[in-house]
Amino acid sequence: MDLVLQNIGLLATPNGKAAQKGAAQGQITLIENASIGIDGGKFVYVGPANTALVGKQTINCEGQLVTPGLVDAHTHLVFGGWRHKEMARKLAGESYLDILKSGGGILDTVKQTRTASEDELVKKALNLLNEMLAHGTTTVECKSGYGLDVANELKQLQVVKKLAQYSEVGLVSTFMGAHAIPPEYKDNREAYIKLVCDEMLPAVKAEKLAKFCDIFCETAVFTPEESLYILNKARDFGLIPKAHADEITPISGAEMAAAAGCISAEHLIQASDEGIKALAEHNVIACLLPATSFHLDKPYARARDMIKTGVAVAVCTDFNPGSSPNLNLQLPMYLACQKYKLTPAEVLTAVTLNGAAAIGLAEQIGSIEVGKQADLVLWQAEDLDYIFYRYGNNLVRSVIKNGKVVSDKATH
Ligand code: IZC
Ligand code: ZN
């Protein structure tokens with residue numbers, strides 16, 4: 001065996017190769033005093049303490065907690081600049097959508113992303129990925145949507161492709177050309193939608209640059225009708241649909257996401273009862289983003305109602321320079337307990353197996369089971385409750401990705 005972990009105080013993991021919903025979301029496996037064996041990048045032993053396991057390398061976990069590697073299934077990782085200057089406007093009472101309408105917000109990041117070179121974007125995102133890894137995140141979904149023209153949307157997705165070569169973090173790409181209407185199409189939104197469908201989508205497909213297509217379905221951005229139209233086109237080009245839905249205003253975005261056959265719907269703060277039912281009926285995973293509610297000082301999504309209705313819930317950072325500048329998934333994990341009232345077990349499933357399912361990877365990652373890719377976190381914590389309690393600190397001791405130690409506090 002390549003690597004053996006001994007003396008694990010508690011091993012906590014969801015199980016299975018698909019999202020867990022309803023009561024099953026909180027039914028995780030807990031093994032006290034466990035061992036793990038890893039070979040060829042995969043788990044080959046997971047179970048009670050077993051001193052017969054022999055590895056080329058052995059880690060003594062000293063009685064601490066092990067969980068699967070965290071999966072951040074919703075980020076806008078690649079962007080130029082930051083938007084810290086908007087803090088003052090926000091504090092003075094301007095809303096996220098007011099700032100966007102005035103040409104700031106996403107459009108400010110678009111300006112800064114268009115002028116950045118591919119190399120600059122790679123360098124910046126690589127540093128951010130290293131920070132994420134040190135906080136326990138082993139897989140990240142990355143959206144485009146700060147180019148908003150053919151060349152710059154492709155540039156953003158090319159950056160993700162390069163990052164995948166350099167970073168230890170597993171990456172998945174999402175095309176999000178329909179993130180905002182760029183200034184040059186301000187008075188001609190139909191022409192921009194045509195550009196997305198007739199030029200961007202074919203180019204993304206031709207260069208195999210993305211697995212998913214996302215859209216910002218929101219008041220003053222894209223209507224549910226436009227969103228459905230674009231996502232149907234995306235499906236024709238082989239992309240799996242996702243949608244930012246009912247984040248700020250209730251416009252039946254959840255219903256639209258269900259009708260579009262989305263694999264996941266994002267935010268859902270304002271989703272209606274009907275919308276939540278539609279998500280459950282169509283097996284749409286809810287990617288909830290509590291750190292965004294926190295940063296925008298907005299209400300929190302109705303995660304308990306979603307679980308009760310049978311919607312699988314994932315929790316992600318939404319890392320982006322505007323509404324969620326935090327890349328540490330441990331903060332939304334804490335908020336999911338504190339504000340959504342999910343249990344630590346439900347949240348663990350939300351940031352591992354259900355996150356993996358939201359990006360189509362539940363068969364490979366998201367749980368510690370024989371045969372799955374060996375991604376895990378060794379925490380400086382004696383049990384699961386502890387990591388949802390000592391918020392505000394990075395409680396990760398070591399991170400293992402594909403069976404390799406890729407981050408270790410002792411060597412930081
Ligand atoms: O840059 O503001 N909500 N898109 C939709 C975002 C937030 C990212 C941003
Ligand atoms: Zn987002």
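The values are calculated or read from the model by the stated rules, or taken from the named source; none is laboratory data. What you are looking at is a predicted structure, and each value in this text was computed from that prediction instead of being measured. We place every Cβ from the backbone using ideal geometry, glycine too, and count neighbours over all the protein chains shown.
Tabulated data
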item: Verdict on THR51 being within 13 Å of ligand 1 (Cβ to nearest atom) and not basic (Lys, Arg); result: no
item: Positions within the stretch 82-91 being assigned to a loop (DSSP other than H, G, I, E, B) and either more than 14 Å from ligand 1 (Cβ to nearest atom) or over 21 Å from CYS316 (Cα atoms) (or both), in sequence order; result: HIS84, LYS85
item: The listed residue being farther than 25 Å from THR219 by Cβ and away from ligand 2 (no atom under 15 Å from the Cβ), out of GLY136, GLY103, GLY93; result: GLY136
item: Tally, over the stretch 349-396, of residues that are touching a helix residue (DSSP H, G or I) at 6+ places or on another chain (Cβ under 8 Å), part of a helix (DSSP H, G or I) and over 25 Å from LYS211 (Cβ atoms); result: 3
item: Yes/no for THR174 being within 16 Å of ligand 2 (Cβ to nearest atom), more than 14 Å from VAL110 (Cβ to Cβ), among the polar types (S, T, N, Q) and not in a loop (DSSP other than H, G, I, E, B); result: yes
item: Those residues of the stretch 323-343 which are within 13 Å of ligand 2 (Cβ to nearest atom) and either out of contact with any Ser or Thr (no Cβ under 7 Å at 6 or more places or on another chain) or assigned to a helix (DSSP H, G or I) (or both), in sequence order; result: PRO325, PRO332
item: Selection count where residues are assigned to a loop (DSSP other than H, G, I, E, B) and within 16 Å of ligand 2 (Cβ to nearest atom), scope the stretch 61-81; result: 6
item: The stretch 258-285 residues that are more than 18 Å from GLU218 (Cβ to Cβ), paired with ones that are surrounded by 24 or more Cβ atoms within 10 Å (Cβ to Cβ) and of a type in the set (Ser, Thr, Tyr) (beta carbon under 8 Å, 6 or more apart); result: ILE285/SER264
item: Among residues of the stretch 229-264, those that are assigned to a helix (DSSP H, G or I) and surrounded by fewer than 21 Cβ atoms within 10 Å (Cβ to Cβ), counted; result: 6
item: Subset of the stretch 365-394 that is β-branched (Val, Ile, Thr) and surrounded by 17 or more Cβ atoms within 10 Å (Cβ to Cβ) - its residue that is farthest from GLY40 (Cα to Cα); result: ILE387
item: Count of the stretch 318-339 residues which are free of Cβ contacts under 8 Å to residues at least 60 places away in the same chain, surrounded by fewer than 24 Cβ atoms within 10 Å (Cβ to Cβ) and away from ligand 1 (no atom under 16 Å from the Cβ); result: 5
item: Condition check for LEU296: at pLDDT below 95, in the same structural domain as LEU133 (by TED's automatic domain parsing) and over 22 Å from CYS262 (Cβ atoms); result: yes
item: Checking GLY147 against (1) assigned to a helix (DSSP H, G or I); (2) of a type in the set (Gly, Ala, Ser); (3) more than 21 Å from THR292 (Cα to Cα), the condition it does not meet; result: (1)
item: Pick from the stretch 281-317, criterion of a type in the set (A, V, I, L, M), outside any loop (DSSP other than H, G, I, E, B) and away from ligand 1 (no atom under 14 Å from the Cβ), ranking: farthest from GLN338 (Cα to Cα); result: ILE285
item: Tally of residues being within 13 Å of ligand 2 (Cβ to nearest atom) and in contact with an Asp or Glu (Cβ under 8 Å, 6 or more places away or on another chain) across the stretch 297-322; result: 5
item: Residues of the stretch 265-283 classified as within 16 Å of ligand 2 (Cβ to nearest atom) and crowded, with 24+ Cβ neighbours inside 10 Å, total; result: 5
